[in-house]
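The values are calculated or read from the model by the stated rules, or taken from the named source; none is laboratory data. Just so it is clear, the model here is predicted, and its values are computed rather than measured. Neighbour counts are summed over all protein chains in view; Cβ atoms, including those assigned to glycine, are modelled from backbone coordinates with ideal geometry. Calculation scope for accessible area: heavy atoms of the full protein, side chains included, ligands and nucleic acids excluded. Shrake-Rupley method; radii C 1.70, N 1.55, O 1.52, S 1.80 Å.
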Amino acid sequence: MAEHHPSTTSIFPGKSSVPSNDTVFFSIYPDFAFNLYIIPTTRTNQLHFLHTEILRFLSPYTSSYIYQHHPFSLTPTPSTPTTPPSLSGHLRYGDNIDDEWFVVFLLFQISHKFPDVSIQVYDSDGEFLLIESAYHLPKWVNPDSVPNRVFIRGGLLHIIPNSLLPGTPSVFDSVRLLSSGVGSEQSRAPEGVQKQLESRLREYPGRIEKNVHKVRVRVPVSVAKVLKHEGCLISLAVEGFYDRDIDTMKYAGKMERFLGERGSAEELVRVVVRMSRAMYAQLMQQTFTAPKCYPALPPRSDVEGYKEAELGMKIACGFEMIYQLKKRQCMEGKGSSWDAFMQSLERNGHFEGLLPGSYLYKRLKLNAELYYKDSSLLERESAMLSAPVQRIDEILALPESADDFKDQELPPSDDDSWLYGGEDELNAVLQERQKEMELYNSKKKQKSKEQDGPSNGSDNFDLKDISKSMQAFVTKVASYEGAEVPEDRNLKGVDFDVDLFMKDMESFVRRQGNEDTGRDVDIGEGSSSDMEFDESEDEIGDEEGAAFMHSYSDALNEELKGTTLSNTFVRANGESVKKDEGTSTATESMEEEFTPVDVDFNLVKNFLDSFSSQDGLPGPASNLLGLMGLQLPPDAPSKRK
């Protein structure tokens, strides 16, 4: 897979420029980017308008979603020589793969609502949408053939074939092709691919609420205030706890910000926390000892109370660690996001060299202010998670006490049996994959039957096909990429000159005989060398040739007498060589000598023996037969026995 280089340009501060491996990347390319009649300023305004429209459209889906790390967001990105202007972003999903597929769901929703955009999405594994639908892809699709060819458009997946765009296209070339409408039908992925993705996304948006876990916890008042006003910050608390190290553990040992001077005297209050199932699992699966400065937990005999307090302690320590870490890393940035936004506009030529204070400059600046206000409100959560220190300080400054959290009717915690009994769900997923693989194999078998005829069927299977296919197979070419499999199985004759071979062997045996009888005899001038043959050798008589063949056969038989190799072959009369009582050794030798080996029969027999020993599992026999386009019926071994 060709390497993708996500853009790190951002008009908002606090964006990470080095995404981690567990990150999904996406870009939305509007068709108006290719309209040559639109001036750059108008194109920028249209991009900003599309940005706010998309965020408003997605708001009902994203407002209640709890992300593992950071929420879905889009950033206007200027054009480059190889990419048109776009709305781009990336999201780290961590251990919660649901975040990645939720992003895919959002992108397909965008493509339905805004049909004049082309969307590209991939992750560290590459084109993971193709991986999901691997059993339904065309044969030409592989990791090396699809860079910049896979897009979402009009609610469908498109894979641009080489016939429409030869070579290795750039994103600019691919998006321009899709926006022109040329070959839109040819680039549509097969129906099986579309259905597979639809099946994967059918669970949304219902899966959003299913992925939420609500649990009662006991936390310090400071933590309760943060969760009350900004519940989305729970993702930062879990991140701080789960990714802790020796340095951040020192912050939890002091709890300076969330316990302060009161320390262990701080009162714990009960609140309900809304988090994802992945976050709950991360908190529950790790044991963690409370810091000495932390308020005492209930006794373990109070099972429910201890569980609530222990979980709350982990959340509180997570908040302390992530707060201090962000503060010391200066994650808040310098200056306001508006200043950064204005600098980005000026750098990208939005004001077209206009003088500050002029009428056109003020008009463009007003439009930019309106856009900034709308986008900032819609992406408030993203900005807060990137720079949480200031917002946490504002919340902790509010005049709220423990009394504000008492006497509240709290709903019970959700059942967490899913955390300990996920085998059913896992088995369901595995069974679904198994059915998909079986369907793929059945279609492949059916296609093979249609191409090869009835000889591959269970009822009409012809064992001669094994011998014929093997002969065709060995005549094919092999290289470092593997052997060429005979698809049509049209046999070709072997170019083998028997007379020349026998003449060479006879000459070799004669020379060996001369060497044995008279090694001290010099070779005369008229004798031929090892690599030259006299023309008179072509005139060897029948008697001399028969004598040679007899001596050659005797030499071979003498060599094999000391082995049991001959007993492993079946002779032409269908019987293997056996020693019966009352049969003389001379008779056995004579029968063995004059009964030739049935090569084809032995080949088929050995194939069936090997196939039978596999017991229905993959093995060398079935793999080789599959390469030759043959499929043995499941009951073939039992019938043979």
With x for Gly and Pro, the residue-by-residue ³J(HN,Hα) of segment 309-322, computed from phi through the Karplus equation 6.51 cos²θ - 1.76 cosθ + 1.60 at θ = phi - 60° and given in whole Hz, is 6, 5, 5, x, 4, 5, 5, 5, 5, x, 4, 4, 5, 6
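What is the local net charge at GLN46, summed over the other residues whose Cβ is closer than 12 Å to its Cβ (Lys, Arg +1; Asp, Glu -1)?
-2
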Rounded to the nearest 10 Å², what accessible area does ILE246 have for a 1.4 Å probe in the complete protein model?
130 Å²
By how many nm would the segment from LEU354 to GLU432 lengthen if fully extended, with 0.36 nm per residue of separation less the alpha-carbon distance?
22.0 nm
Counting pairs of alpha carbon atoms under 8 Å apart in space and at least six apart in sequence, what relative contact order in percent does segment 96-170 give?
34 percent
Calculated from backbone phi, Karplus (6.51, -1.76, 1.60) coupling profile of segment 69-76 in Hz, x at Gly/Pro:
10, 10, x, 5, 8, 10, 10, x
Which part of segment 131-150 falls in the paramagnetic zone of ILE97, meaning amide N under 18 Å from the point 7 Å along Cα-to-beta-carbon?
131-136
Contour minus Cα-Cα distance for ASN162 and LEU617 (0.36 nm per residue):
160.0 nm
Using a simple spin-label model with points 7 Å from Cα along the Cα→Cβ vector, what separation in nm is obtained for GLU132 and LEU410?
3.7 nm
Applying the Karplus parametrisation 6.51 cos²θ - 1.76 cosθ + 1.60 with θ = phi - 60° to the phi angles of segment 270-281, what ³J(HN,Hα) value in whole Hz is obtained for each residue in order, glycine and proline being reported as x?
9, 9, 9, 10, 9, 9, 7, 5, 5, 5, 4, 5
Could you order ASP504, ASP31 so the one with the most accessible surface comes first? Probe is 1.4 Å.
ASP504, ASP31
ALA296 label point, 7 Å along Cα→Cβ, cut-off 14 Å on backbone N: hits in segment 259-284?
264-268
The simple spin-label model distance between ASP504 and GLU185, using points 7 Å out along Cα→Cβ, in nm, is 5.9 nm
Other-chain or far-sequence residues with amide H under 5 Å of HIS213's (modelled H):
MET275, SER276, ARG277
FRET efficiency for ASP245 and THR568, Cβ-Cβ distance as r, R0 = 60 Å, nearest 0.05?
0.40
Not counting ligands, DNA or RNA, and with a 1.4 Å probe, what is LYS605's accessible surface area in Å² rounded to the nearest 10?
80 Å²
With all protein chains present and a 1.4 Å probe, how do TRP101, TRP140 order by accessible area, largest first?
TRP140, TRP101
So how much slack lies between SER63 and ARG202, counting 0.36 nm per residue of separation and subtracting their Cα-Cα distance, in nm?
48.1 nm
Taking all protein chains together and a probe of 1.4 Å, list LEU178, LEU556 from the most accessible to the least accessible.
LEU556, LEU178
Could you list which residues have their amide H under 5 Å from that of LEU74, counting only those 5 or more apart in sequence or on another chain, with H placed in the peptide plane?
none
Label points 7 Å out from Cα along the Cβ direction at LEU36 and ARG363: separation in nm?
2.6 nm
Loop-resident GluC sites (Glu not before Pro) in segment 241-304 with no more than 13 other Cβ atoms inside 10 Å, DSSP not H/G/I/E/B, are GLU261
Counting only residues 5 or more apart in sequence or on a different chain, those whose built amide H sits under 5 Å from that of GLU127 are none
